[in-house]
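The values are calculated or read from the model by the stated rules, or taken from the named source; none is laboratory data. Not measured: the values here are computed from a predicted model. Glycine also receives a Cβ, built like all others from the backbone with ideal geometry; neighbour counts cover every protein chain displayed.
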Ligand SMILES: Cc1cc2nc3c(=O)[nH]c(=O)nc-3n(C[C@H](O)[C@H](O)[C@H](O)COP(=O)(O)OP(=O)(O)OC[C@H]3O[C@@H](n4cnc5c(N)ncnc54)[C@H](O)[C@@H]3O)c2cc1C
């Protein structure tokens, strides 16, 4: 069950992103098209985003397992093809001190190291498979949006850099203005030197092509509408075919909807993230705002803004918000974001935007990502809930799932914050209410 408007799940419709206008089409032959007739495989994957495609790639390449992916829309249609392209860490709704408090220092260290490895995995996949991901920026900036929030960055520096050894730099407001940019909401920043920006749809399509080259069979436009268990076998039913498999991976993240993934969906909190992109900025406009960095930036708002200058000098500006997913509320969200963009970057207040789109990020009550199998059925695996930071965490999760299924890794070896199924949301039908309350609370905190 979900409370969002049906149009958010209409995979027959393009996302409307700038990336769709800026990426070459998927190589021919990669997408085998709608599943046809009665097919069989060893591992069936529901969802053709980074998680599903990476699991398929690693299962086929490293474990020679017969694997198929079923995706409702074109491959990469979900969040993977339409995100902001920040390849960063960590994928959690908890602060570092929150993670340490719950999981202890050692498990938090393993978690952080695994996610440094996850960012490196993206670079490796791009290199090994010749995927033109358009990497950008030698690090990302986490920017204090008020003077008082600088203290959070100092703590982040001490933990991320000091305790966990991630290369970081803390910059004062003046240093950021000198090297990167200035704005009404810039009061110093932490540079995470591991992270970078990329073109999300090129990455998704490149990963799909690589998976297909290694033998995975990928079916776009194959929405799984029904899922039955018949003896030891799963039977996934689409409009045009049936896929039988011994094992299933649910890789549907924020787009998970009952009846498929019914036992999971009540544990998930899908949240809308929205993006506007401007026309390319002129030299004068960049100078007027003092913008001179390729590093993607996000700020310390609880309802964070994230923004970056794209290679063709368009400005991408993202924010969370809207509880309905209705098209008319999307139009309102676009207006709000254009106004906020102009308030934060005053030199660009009259620059028109050319694109607006949105999609689901996925959270849960535990506030950490999830890898595992269903407690009552060890042949059903899941990898999801990256809390808005899945560009590296999702491909890494796909790789971990492939290793668990391929028998080269135990679930117990996965860092604790990732391990196991998230708890059921209490009274899942009240999720919109919880989210509304959280958004209101965060708005107050962000003032
Ligand atoms: C606007 C936006 C900006 C973001 N920005 C960033 C960012 O800058 N950095 C970052 O790290 N993360 C970002 N994220 C999050 C990141 O994109 C996701 O965490 C990541 O892409 C998740 O990958 P996935 O494969 O698990 O899920 P998805 O890419 O969402 O794929 C799930 C797929 O499952 C399919 N599906 C669902 N149900 C079925 C079914 N029944 N049958 C068949 N297929 C089904 C869907 O069509 C969908 O394509 C952003 C997300 C959004 C929406």
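Taking only the stretch 224-262 into account, find how many residues are touching a residue at least 40 places away in the same chain (Cβ under 8 Å), under 22 Å from the mean Cα position of the chain (by Cα) and over 26 Å from residue 318 (Cβ atoms).
Total satisfying the criteria: 7.
Can you spot a residue in the stretch 334-344 that is at negative phi, in a helix (DSSP H, G or I), within 21 Å of the chain's Cα centre (by Cα) and within 16 Å of the ligand (Cβ to nearest atom)?
Yes: one or more hits.
Out of 425, 400, which single residue is closer than 22 Å to residue 103 by Cα, in the same structural domain as residue 234 (by TED's automatic domain parsing) and part of a loop (DSSP other than H, G, I, E, B)?
Of the residues listed, the single one that is closer than 22 Å to residue 103 by Cα, in the same structural domain as residue 234 (by TED's automatic domain parsing) and part of a loop (DSSP other than H, G, I, E, B) is 425.
Give me a count of the residues in the stretch 91-119 that are part of a helix (DSSP H, G or I), surrounded by 14 or more Cβ atoms within 10 Å (Cβ to Cβ) and either under 18 Å from the mean Cα position of the chain (by Cα) or at positive phi (or both).
Total satisfying the criteria: 8.
Any residue in the stretch 66-81 that is within 14 Å of residue 204 (Cβ to Cβ) sitting within a Cβ distance under 6 Å of a residue that is within 7 Å of the ligand (Cβ to nearest atom) and assigned to a loop (DSSP other than H, G, I, E, B)? List the pairs, counting only those 6 or more apart or interchain.
What qualifies is 69/48; 71/48; 73/11; 75/48; 77/11; 78/49; 80/49.
Going residue by residue through the stretch 294-311, is there one that turns out to be in a helix (DSSP H, G or I) and either within 26 Å of residue 9 (Cα to Cα) or within 15 Å of the ligand (Cβ to nearest atom) (or both)?
No, every residue in the stretch 294-311 fails to be in a helix (DSSP H, G or I) and either within 26 Å of residue 9 (Cα to Cα) or within 15 Å of the ligand (Cβ to nearest atom) (or both).
If you scan the stretch 66-83, which residues turn out to be part of a loop (DSSP other than H, G, I, E, B) and either buried (at least 24 other Cβ atoms within 10 Å of the Cβ) or in contact with a helix residue (DSSP H, G or I) (Cβ under 7 Å, 6 or more places away or on another chain) (or both)?
Once the filter is applied, which keeps residues that are part of a loop (DSSP other than H, G, I, E, B) and either buried (at least 24 other Cβ atoms within 10 Å of the Cβ) or in contact with a helix residue (DSSP H, G or I) (Cβ under 7 Å, 6 or more places away or on another chain) (or both), the stretch 66-83 yields 71, 72, 75, 76, 77, 78, 82, 83.
Please go through the stretch 265-280 and give me each residue that is surrounded by 19 or more Cβ atoms within 10 Å (Cβ to Cβ) and touching a strand residue (DSSP E or B) at 6+ places or on another chain (Cβ under 6 Å), ordered by number.
Answer for the stretch 265-280, where residues must be surrounded by 19 or more Cβ atoms within 10 Å (Cβ to Cβ) and touching a strand residue (DSSP E or B) at 6+ places or on another chain (Cβ under 6 Å): 268, 269, 270, 271, 272, 273, 274, 275, 276, 277, 278.
Would you mind finding the one in 312, 329, 376, 322 that is modelled with pLDDT under 95 and out of contact with any strand residue (DSSP E or B) (no Cβ under 7 Å at 6 or more places or on another chain)?
Sole residue among the options that is modelled with pLDDT under 95 and out of contact with any strand residue (DSSP E or B) (no Cβ under 7 Å at 6 or more places or on another chain): 376.
What strands (runs of 3 or more DSSP E) completely inside the stretch 183-269 contain at least 3 residues that are more than 14 Å from the ligand (Cβ to nearest atom) and at pLDDT 95 or above?
189-192, 241-250
Return the total of residues in the stretch 381-397 being within 7 Å of the ligand (Cβ to nearest atom) and either at pLDDT below 95 or in a loop (DSSP other than H, G, I, E, B) (or both).
Qualifying residue count, the stretch 381-397: 3.
Does residue 317 satisfy being free of Cβ contacts under 8 Å to residues at least 60 places away in the same chain, within 16 Å of the ligand (Cβ to nearest atom) and crowded, with 19+ Cβ neighbours inside 10 Å?
Yes, satisfied.
Is it the case, given these coordinates, that residue 71 is away from the ligand (no atom under 13 Å from the Cβ) and under 30 Å from residue 310 (Cα atoms)?
no
With under 23 Å from residue 260 (Cβ atoms), within 9 Å of the ligand (Cβ to nearest atom) and either part of a loop (DSSP other than H, G, I, E, B) or modelled with pLDDT under 95 (or both) as the only criterion, which of 48, 52 stands out?
Just one listed residue meets the conditions, 48.
Can residue 62 be described as surrounded by fewer than 24 Cβ atoms within 10 Å (Cβ to Cβ), in a strand (DSSP E or B) and more than 9 Å from the ligand (Cβ to nearest atom)?
Considered against the rule, which asks whether it is surrounded by fewer than 24 Cβ atoms within 10 Å (Cβ to Cβ), in a strand (DSSP E or B) and more than 9 Å from the ligand (Cβ to nearest atom), residue 62 comes out as no.
Scan the stretch 122-142 and give yes if some residue there is more than 27 Å from residue 48 (Cβ to Cβ), out of contact with any strand residue (DSSP E or B) (no Cβ under 6 Å at 6 or more places or on another chain), more than 16 Å from the ligand (Cβ to nearest atom) and outside the structural domain of residue 31 (by TED's automatic domain parsing), otherwise no.
Scanning the stretch 122-142 turns up at least one residue that is more than 27 Å from residue 48 (Cβ to Cβ), out of contact with any strand residue (DSSP E or B) (no Cβ under 6 Å at 6 or more places or on another chain), more than 16 Å from the ligand (Cβ to nearest atom) and outside the structural domain of residue 31 (by TED's automatic domain parsing).
If you check 251, 216, 189, 177, which single one turns out to be surrounded by 23 or more Cβ atoms within 10 Å (Cβ to Cβ) and in the same structural domain as residue 286 (by TED's automatic domain parsing)?
Unique residue meeting the criteria: 189.
Looking only at the stretch 355-377, count every residue that is surrounded by fewer than 19 Cβ atoms within 10 Å (Cβ to Cβ) and under 15 Å from the mean Cα position of the chain (by Cα) and tell me the total.
Matching residues across the stretch 355-377 total 1.
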